[in-house]
Amino acid sequence: MFVLGITGGIGCGKSTLAKIFQEYSVPVLDADRISHEVTQAGSPVLTELRNILPENCFQADGSLAAEETARLIFNNKKMLDAVSLLIHEEVTKKLINGVQQAKEAKLPLIVLDVPLPVKQGFLDQCDYVVVVWANSAERLERLEKRGLNKTEAEQRIACQMSREEYAKIADLVIDNSGDIEDLYRAFHKLVKDELNSRGIFLQIQA
């Protein structure tokens, strides 16, 4: 089985590339989705998060209030690190389990969609790592369309790795500063150059 890792900074379009793979019936393990799942009501992670975060970071049902938490922790690096560590540990376990299940099912290809390229649970699981990147102006515009103001968007970008840091762990860097058609072209080139050459051919969903 071939494990393709996709990563990149916020607003760069890594998840858009992962969704294109899903269009071709490729299973994707989405770290952001898993992160959301492990912060829902009843999750053991919440008990530990309550020791770090104030009450207004939790919704009435006990689940994590994601946006309220983000506004708080992106202004407090120490709190950001503590919250990230707890959530990432649980997400990493689920990613590793997901890869193992895919291997047992003898799947030819699986994609890991992960914003932070941690060594254990991502880099050590991947056969090939793609970094999706975009210029700052494009990232800010995309984040503002998601509802963040410019200050919030710049704070979140500043807390993440630089392009140079991402590039160091990449087998391929895709510039996604253009439109969706450009990204599809990059996707098809990636499939042809790296997957087809390994005997992996994608099928469009019926």
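The values are calculated or read from the model by the stated rules, or taken from the named source; none is laboratory data. Remember, predicted model here, so these are calculated numbers, not experimental data. Virtual Cβ from ideal backbone geometry, glycine too; neighbours counted across all protein chains shown.
Before we move on, is G147 on the phi > 0 side of the Ramachandran plot and surrounded by fewer than 16 Cβ atoms within 10 Å (Cβ to Cβ)?
Details: on the phi > 0 side of the Ramachandran plot: yes; surrounded by fewer than 16 Cβ atoms within 10 Å (Cβ to Cβ): yes.
Yes, satisfied.
Give the residues of region 157-185 that are more than 29 Å from D81 (Cβ to Cβ), part of a helix (DSSP H, G or I) and without any contact (Cβ under 8 Å) to a residue 24 or more places away in the chain, sorted by residue number.
Listed by number, the residues that qualify are E181, D182, R185.
Please work out which one of (1) in a helix (DSSP H, G or I); (2) closer than 20 Å to G13 by Cβ is the condition I96 fails and give its number.
Failing condition for I96: (2).
Need pairs with beta-carbon distance below 7 Å; first residue under 17 Å from L80 (Cβ atoms) and within region 55-67, second of a type outside the set (D, E, K, R) and in a helix (DSSP H, G or I); sequence gap 6+ or separate chains.
Matching pairs, first to second residue: C57/T69; C57/L72; L64/L46; L64/L49; L64/C57; A65/C57.
Looking at region 143-156, I want the residues that are touching a residue at least 24 places away in the same chain (Cβ under 8 Å) and have a partner that is surrounded by 15 or more Cβ atoms within 10 Å (Cβ to Cβ) and assigned to a loop (DSSP other than H, G, I, E, B) with Cβ atoms under 7 Å, at least 6 apart or on another chain. Which pairs are those?
L143/I10; L143/G11; Q155/F74; R156/I10; R156/F74
Look at Q40 and say whether it is among the polar types (S, T, N, Q), at pLDDT 95 or above, surrounded by fewer than 17 Cβ atoms within 10 Å (Cβ to Cβ) and farther than 21 Å from E154 by Cα.
Spelling it out, it is not the case that Q40 is among the polar types (S, T, N, Q), at pLDDT 95 or above, surrounded by fewer than 17 Cβ atoms within 10 Å (Cβ to Cβ) and farther than 21 Å from E154 by Cα.
Just to confirm my filter: which helices (runs of 4 or more DSSP H) fall fully inside region 12-68 and include at least 2 residues that are closer than 30 Å to V173 by Cα and among the aliphatic types (A, V, I, L, M)?
Numbers: elements: 14-23, 31-37, 44-49.
Of the helices (runs of 4 or more DSSP H) lying wholly inside region 12-68, those with at least 2 residues that are closer than 30 Å to V173 by Cα and among the aliphatic types (A, V, I, L, M) span 14-23, 31-37.
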